[in-house]
Structures are given as structure tokens and as C-alpha cells.
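I have placed the structure first, in the form of C-alpha cells, so that the comments after it can refer back to it.
The values are calculated or read from the model by the stated rules, or taken from the named source; none is laboratory data. Bear in mind the structure is a predicted one, so any value in this text is a computation, not a measurement. Don't worry about glycine lacking a Cβ; one is built from the backbone with ideal geometry, like all the others, and counts go over all protein chains shown. Please note that ligands, DNA and RNA were not included when accessible areas were found on the heavy atoms of the full protein model with its side chains. Shrake-Rupley method; radii C 1.70, N 1.55, O 1.52, S 1.80 Å.
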Amino acid sequence: MVRIPDAKVALSTASVYPESTATAFEIAARLGYDGVEVMVWTDPVSQDIEALRRLSDYHGVPVLAVHAPCLLITQRVWSTDPWVKLQRARNAAEKLGATTVVVHPPFRWQRSYAREFVRGVWRMEHETDVRFAVENMYPWRYRDREMLAYAPDWDPTTDDYRHFTVDLSHTATARSDALEMVDRMGDRLAHVHLADGNGSAKDEHLVPGRGSQPCAELLERLAVAGFDGHVVVEVNTRRAMSAAERETDLAEALAFTRLHLASPTRVPGS
């Protein structure tokens, strides 16, 4: 017998890039994902709450999380003010029925934002039932040089947050121990970005099982613990030679996740 936790398995809309946000909903429905995490980026549909609601209703795929526009390429999406971005992400999550907003630590050059980030995230958490889950990042590397691009830190466990997101591609890039990080997060781990990596300086986001990260071990640990957050497949399929190859990768990632998100349970008397 196995026990399967209440955790839902979602597809990040970033996983279909360079295809569209709309395509992610279609693929998530066809493959049987429990929902999607919307990466808010330059695709206008990802920024449009009503368009997202229509896609969700049409495909019968709920929006489980919203990833705030924190990337370099989204610096002007939903305002240049990072607090406005988080407010709009919260608003989108509330209107779409999502439970989580994923947010990165600030870039170091966002000095005012970085100084207030920890307090500000706590303040926003008190204003809504939506969870703001701060995600682990990584040092930037070039050849043998390392630059600390995030503040207060690329590792959010060095600060006090109510909720965390762990990303296993990022732990690979940081060359940090994913399971030790999860231990530090403890019961504040609310959200998982499932992907793999081999420790390259590039953020690889491989299909889980194709790199060196403890993807299976983490999922099995979550199953034993009865994790009830979301596990989001966030992989890079840009090199897929066709739509069919991309879909095969995403089907493999879903099968891997469901397989390991189950734990043996003891039969009484055995």
C-alpha cells in the first residue's frame, strides 16, 4: 500500500517556453496536471487576469500559483516598482483562486527594496490569505569569479520568512545541499519548483531525474511528511525539436513526480 499526500502537481507556464501561456494550459489539461503556476512575463496573456481566467475555465485547469515578475527580462512588467509587482501578483492570485505567490529575493542594486524586503513580505502576508513563498536563488558565476547578485541573500533561509519555495535547479547552480536547505525551511516549506541540474553555472532546469539533484529523495520525504503544498514542474524545454518532444518531456516529468510523491505505508499487523 502507498500513501499519497494532498500536494497538487502543477505545470509552470515557463516550462513550455518559447510556446505561449495558453499552450501551457492546453498541455497541462491533456497530460493530467492538477493545475498551473503562471509565470508572469512578457507574454501579454500571462499579465491579463481575465484572459487567464478564461483559459482556466475552458481547459478545466486551475491556477494554483502566480510567479511574480522578478526576472531581469520582466523588470518593466506590471510596473518598475517591485512592491507594485507583488501587490498585482497578490491581486491576480486572489482573483484566480491561487494560494501562492512565488517571489525571488531582490537584486542587490534594488537597494531600497532589499532593505525593506523581509519586513515588507511579512506585512503583505498579514494582508491576505495568499502565501508569499520566497524562493532560493544562487550566486552568479563567470569562469572562476562569483558575484552575489541577490540581497539580503540568495539563500532565503538566512532570513525570517513565513513561507519558502525550494527550487532544485537553483540548488544545483548554487552547488548547495538541497535536502539540508529543506531541513532549514522546515514546516515553512510551502512550495516546490521541481527540476534538476548538474551544478553548471547556468540555471539548467532539467527534467527531474536527468541531473544530480535529489529530486526523488525530496519527493519521497514530502510524501512521508504529508506535504500539502504544491509541487510545480518548472523545466526548460527550449531545446525540444518539436511540440511532441516537448510534451513527452513534460509527461515524463509528471510521471516522475507522481511516482515519487507516494510513500509506502505499513499494513496493520505486518
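Each pair of Cα atoms in region 127-251 enters the Kirkwood radius, and Stokes-Einstein at 25 °C and 0.890 mPa s then converts it into a translational diffusion coefficient of 160 µm²/s. Under 21 Å of direct C-alpha separation, and excluding same-chain neighbours fewer than eight residues apart, residue 8 reaches these lysines: 95. In order along region 120-130, the Karplus-derived 3J(HN,Hα) couplings, from 6.51 cos²θ - 1.76 cosθ + 1.60 at θ = phi - 60°, round to x, 5, 4, 4, 5, 4, 6, 9, 7, 8, 6 Hz, and Gly and Pro are given as x. Remark: region 193-204, residue by residue, has Karplus-estimated 3J(HN,Hα) of 9, 8, 7, 10, x, 10, x, 5, 5, 8, 6, 7 Hz, where x stands for each Gly or Pro and the curve is 6.51 cos²θ - 1.76 cosθ + 1.60 at θ = phi - 60°. Solvent-accessible surface of the chain, averaged per residue with a 1.4 angstrom probe and all protein chains in place: 47 square angstrom.
Roughly speaking, to the nearest percent, how much of the chain's 1.4 Å accessible area is carbon and sulfur?
Details: 6280 of 12630 Å².
Ligands and nucleic acids excluded, carbon and sulfur reach 50 percent.
Only the Cβ atoms of Lys and Arg (+1) and of Asp and Glu (-1) were treated as charged; on that basis the dipole of the chain about its Cα centre amounts to roughly 380 debye. Once the chain from residue 217 to residue 162 is taken as fully extended at 0.36 nm per residue, the excess over their C-alpha distance is 17.4 nm. Region 185-245 and region 88-159 have Cα centres lying 19 Å from one another. Close amide H pairs (under 5 Å, H built 1.01 Å from N) link residue 232 with 10, 192, 193, 194, residues at least 5 positions away or on another chain. Adding -39500 (n - 2.57) for every DSSP H run of four residues or longer, then dividing by how many residues the chain holds, sets the calculated 222 nm ellipticity at -11000 deg cm²/dmol.
For region 182-268, count the residues as N, evaluate 2.2 N^0.38 Å, and divide the Cα radius of gyration by that value, please.
In units of the 2.2 N^0.38 Å rule of thumb, it is 1.19.
Computed over region 213-264, the alpha-carbon pair-distance distribution with 5 angstrom bins reads 4, 20, 25, 21, 13, 10, 6, 1, each value a whole percent.
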